[in-house]
Amino acid sequence: MIGRGLRTNLIVALREESEESLNQLFRALADGTRRDILTRSLTETPSVSDLAARYEMSFAAVQKHVAVLERAGLIQKHPNGREQLVSTNRARLRRAGELLDRFEAIWRQRMAQLDKVLAERGASAAHA
């Protein structure tokens, strides 16, 4: 059985955001190009044009990836003359990590419980 505290914490965390918001967040992170754009915007503040030059796809395709990340709240665009600079919303990225950490805590607890059951069965079989 999952610990009541962990399960309650996860349920509360998931209720803090709409299902659509969480879907957008994890959908945005599911694509390798978007994860790469996010990584680049963590270490620099590239323009959308700079990003487009780094990928073997059209400028419009890169713009679409940036738009998905922006709708998920993972990046912001800031005007700089005629260009749009991209920066990471670190708080939103941290939120994704927190949710994954909670899922991992539940998984680790379940694995510990399974280990305990298997150890008990192994001890019972050894004494039989």
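Quick note: the coordinates plus some simple rules give every number you see, no bench work behind them. None of the values given here were measured: they were computed from a predicted structure. With ideal geometry, Cβ positions are generated from the backbone for all residues, glycine too; neighbour counts draw on all protein chains shown.
For the reader, a short list of remarks on this structure follows.
- Under the Debye formula (equal points on every Cα, no solvent term), log10 I(q)/I(0) of the stretch 4-118 at q = 0.13, 0.19, 0.20, 0.23 Å⁻¹: -0.59, -0.95, -1.02, -1.23
- For the stretch 107-112, 3J(HN,Hα) per residue [Karplus equation, 6.51 cos²θ - 1.76 cosθ + 1.60, θ = phi - 60°, Hz, x = Gly/Pro]: 4, 4, 5, 5, 5, 5
- Full extension of the chain between Ala105 and Arg54 gives 14.7 nm of extra length, using 0.36 nm per residue less the Cα-Cα distance.
- Interchain or long-range residues, amide H under 5 Å from Asn89's placed H: Ile75, Gln76
- Once the Kirkwood radius over Cα pairs is known for the stretch 38-81, the Stokes-Einstein relation at 25 °C and 0.890 mPa s delivers a diffusion coefficient of 227 µm²/s.
- In Hz, Karplus ³J(HN,Hα) per residue of the stretch 34-40 (6.51, -1.76, 1.60; θ = phi - 60°; x = Gly, Pro): 5, 4, 5, 4, 4, 4, 4
- Residues with amide H under 5 Å from that of Gln84, placed H, sequence gap 5 or more: Val48, Ser49
- Charge context of Thr43, other residues only, Cβ under 14 angstrom, K/R +1, D/E -1: +1
- Calculated from backbone phi, Karplus (6.51, -1.76, 1.60) coupling profile of the stretch 52-68 in Hz, x at Gly/Pro: 4, 5, 8, 10, 8, 8, 5, 4, 4, 5, 5, 4, 5, 4, 4, 5, 5
- Within the shell of other residues whose beta carbon sits under 13 angstrom from the beta carbon of Asp101, the net charge comes to +2, with Lys and Arg scored +1 and Asp and Glu -1.
- Between Val117 and Gln63, full extension at 0.36 nm per residue minus the direct alpha carbon distance yields a gain of 14.3 nm.
- Radius 11 Å from Cβ of Val62, net charge of other residues (Lys, Arg +1; Asp, Glu -1): 0
- Figure legend: label point modelled 7 angstrom from the Cα of Glu70 along Cα→Cβ; residues of the stretch 30-50 with amide N under 13 Å from it are 47-49.
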